[in-house]
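The values are calculated or read from the model by the stated rules, or taken from the named source; none is laboratory data. Since the model is a prediction, treat every value here as computed from it, not as a measurement. Methodologically, a virtual Cβ is constructed for each residue, glycine included, from the backbone with ideal geometry; neighbour enumeration extends over all protein chains shown. Each accessible area value is taken on the protein alone, full model and side chains, heavy atoms only, with ligands, DNA and RNA left out. Shrake-Rupley method; radii C 1.70, N 1.55, O 1.52, S 1.80 Å.
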Amino acid sequence: MKPAAHVRKTALPGVGTRYDLNTEAGAHLSVVVHQDGRRIISFHDPEDDDACRDAAALAPAEATALSALLTPDPVAHLHQHLEIDLVTEHIPIGRRSPYAGRTLGATQARTRTGASIVAVLRRTDAFPSPTPDFRLALGDTLVVVGTREGADAVAELINGG
């Protein structure tokens, strides 16, 4: 396993923050995150930090799009090697749910459906990898990963079907 990349962070008073990364291939790149949300990505001479070879300003939407392209897909290998279709569903806990106020373990969702509840969203908070003793509340949204059949079965289970 390769060690994590080392990113240096430098405060730029009145401007924002600069993040520097030296790649395994010997390139030196920086991202300056301005206080107004703009980002500037630049490539430097590894021997002279002040010698900028090229730079590109990114609007917030462009930075988000680039981030999505650079972020590895943690389940991509499943799609490449298996004929399995995984889905992610958001399932709200409504008034008809028999599980509002009960623990996640009480649902036995994974055992009963084969799908996993990987997070619970509550108002503006997210609870990733909830444990079986996590208490569900009316209005929570379950983030479920599984086959289409499994996700549908969790929805039916949670909604009292």
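Taken over region 134-161, residues that are open to solvent by less than 50 Å² (accessible area, probe 1.4 Å) and assigned to a helix (DSSP H, G or I) amount to 7. If you go through region 23-50 and keep only what is in a strand (DSSP E or B), modelled with pLDDT of 85 or more and either more than 17 Å from Leu66 (Cα to Cα) or not small (Gly, Ala, Ser) (or both), you end up with His28, Leu29, Val31, Val32, Val33, His34, Arg39, Ile40, Ile41, Phe43. Mind checking whether some residue in region 61-80 is surrounded by 10 or more Cβ atoms within 10 Å (Cβ to Cβ), modelled with pLDDT of 80 or more and assigned to a strand (DSSP E or B)? Checking region 61-80: not a single residue is surrounded by 10 or more Cβ atoms within 10 Å (Cβ to Cβ), modelled with pLDDT of 80 or more and assigned to a strand (DSSP E or B). Of all residues in region 16-37, those satisfying the criterion of being out of contact with any strand residue (DSSP E or B) (no Cβ under 6 Å at 6 or more places or on another chain) and open to solvent by 70 Å² or more (accessible area, probe 1.4 Å) are Glu24, Ala25, Asp36.
Within region 128-147, residues that are within 17 Å of Ser97 (Cα to Cα) sit with their Cβ atoms under 7 Å from residues that are in a loop (DSSP other than H, G, I, E, B) and open to solvent by 50 Å² or more (accessible area, probe 1.4 Å), at 6+ positions apart or across chains, in these pairs: Leu136/Arg102; Leu138/Arg95. If the condition is being part of a loop (DSSP other than H, G, I, E, B) and either open to solvent by 70 Å² or more (accessible area, probe 1.4 Å) or modelled with pLDDT of 95 or more (or both), then region 123-133 contributes Arg123, Thr124, Ser129, Thr131, Pro132, Asp133. Gly14 falls short on exactly one of the conditions (1) more than 21 Å from the chain's Cα centre (by Cα); (2) assigned to a strand (DSSP E or B), and that condition is (2).
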